[in-house]
1. Val234 to Gln89: extension gain in nm, 0.36 nm per residue of separation minus the Cα-Cα distance?
2. Among Lys150, Lys39, what is the fewest-to-most ranking by other Cβ atoms within 10 Å?
3. Could you sort the peptides 238-248, 185-195 by per-residue average Cβ neighbour count (10 Å cutoff), highest mean leading?
4. Stretch Thr219-Glu271 to full length: gain in nm at 0.36 nm per residue minus the Cα-Cα span?
5. Using the structure shown, list the pairs from Lys150/Lys241; Lys39/Lys241; Lys39/Lys246; Lys225/Lys265; Lys225/Lys245 with a Cα-Cα distance above 32 Å, or answer none.
6. Give me the net charge of Gly300's neighbourhood, meaning all other residues with Cβ under 14 Å from the Cβ of Gly300; Lys, Arg count +1, Asp, Glu -1.
7. Arrange Ile97, Ile279 by Cβ neighbour counts within 10 Å, fewest through most, would you?
8. Where does each of His160, His69 land when they are ranked from fewest to most other beta-carbon atoms within 10 angstrom?
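No lab work stands behind these numbers, since they all come straight from the coordinates. The model shown is predicted, which means the values in this text are computed figures rather than measured ones. Note: ideal-geometry Cβ built from the backbone for every residue, glycine included; neighbour counts use all protein chains shown.
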Amino acid sequence: SLSTKFSYRLPLIEIWQQIPFAWLIIIWVWVMYLGQCTKDVIRWPRPASPPVVKLEVFYNSEYSMPSTHAMSGTAIPLALLLLSYGRWQYPLMFGLILAFCWCALVCCSRIYMGMHSILDVIAGFLYAILILVVFHPVVDLIDNFNLTYKYAPLIIISLHLALGIFSFTLDTWSTSRGDTAQILGCGAGVACGSHVNYIMGLKLDPLPDMLPLSLSSLTVTVFGKAILRLLIGVIVLLLTKVVMKKATIPLACKIFCIPHDNVRKARQRMEVELPYRYITYGMVGFSLMFIVPCLFHFIGLS
């Protein structure tokens with residue numbers, strides 16, 4: 001559904017501009033990971049139907065408490081506000097109103113779709129606030145470690161993979177397991193891409209005396225360039241996803257001796273789903289942070 005893609009995949013559509021995008025992904029990964037694992041520990045079922053009329057049934061196999069859509073719909077706009085205010089010149093009230101509307105729309109949509117109770121949404125909202133309070137003060141330290149430590153990529157990949165394996169042991173198969181591996185893979189890929197950018201001297205961050213940055217006037221040239229960057233970036237990410245998906249599923253089936261004549265059934269096996277999701281979206285995250293910006297620089301769209 002639109003709300004699912006909005007909450008899970010919006011952070012993948014980066015605008016490739018002067019915002020601390022890696023910081024946003026760090027917060028997003030922890031919010032979504034803790035939310036998904038908490039669901040599988042509490043194990044509250046979705047609201048009963050009837051009396052609830054469910055407009056979305058694909059994710060009905062997942063548990064309900066807390067609402068991870070409410071968590072992401074709260075954490076992402078608030079994190080964007082915290083990370084961008086003072087870096088860009090815009091009225092604080094405008095940012096607060098935008099964050100409130102974003103959060104309210106996502107939270108209300110989950111109740112409207114019949115996937116969560118009001119309690120699920122409130123719990124998700126408060127849980128996201130708690131995670132933001134804990135992680136926002138240390139996100140700079142985490143990002144600095146990802147950038148500067150020599151063996152950071154090895155630790156990043158190992159840690160995210162270990163968290164994925166742990167989450168796969170919490171319960172029987174559901175769509176949340178694949179989503180969790182997908183989120184962790186994306187986080188690992190973005191962190192590794194940031195590290196490579198830093199090592200190669202490609203991390204372009206404005207100096208403190210240049211802040212706050214002012215928004216440039218919207219001209220036809222600026223708008224056209226932004227649209228072109230977005231289209232090229234999304235195409236590269238989609239191609240990366242398709243290629244890695246085609247490669248990882250048969251390879252995982254072959255390594256673990258799992259029949260792959262029924263791909264849908266094979267993908268429900270942990271031995272296939274975890275590496276498929278983790279590697280595929282890890283490469284998507286790496287492309288997002290390193291390959292696409294390099295391509296922009298090469299063709300003069302930086």
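1. Stretched fully, the Val234-Gln89 segment lengthens by 49.4 nm.
2. Numbers: Lys150 8, Lys39 24.
Exposure proxy ranking, most exposed first: Lys150, Lys39.
3. 185-195, 238-248
4. Numbers: separation 52, 0.36 × 52 = 18.72 nm, distance 5.05 nm.
Taking 0.36 nm per residue and subtracting the Cα distance, the gain is 13.7 nm.
5. Numbers: Lys150/Lys241 28 Å; Lys39/Lys241 27 Å; Lys39/Lys246 30 Å; Lys225/Lys265 43 Å; Lys225/Lys245 30 Å.
The pairs that break the limit, which is 32 Å between Cα atoms, are Lys225/Lys265.
6. Net of charged neighbours comes to +2.
7. Working: Ile97 11, Ile279 21.
Lowest to highest Cβ neighbour count: Ile97, Ile279.
8. Final ranking by Cβ density, sparse to dense: His160, His69.
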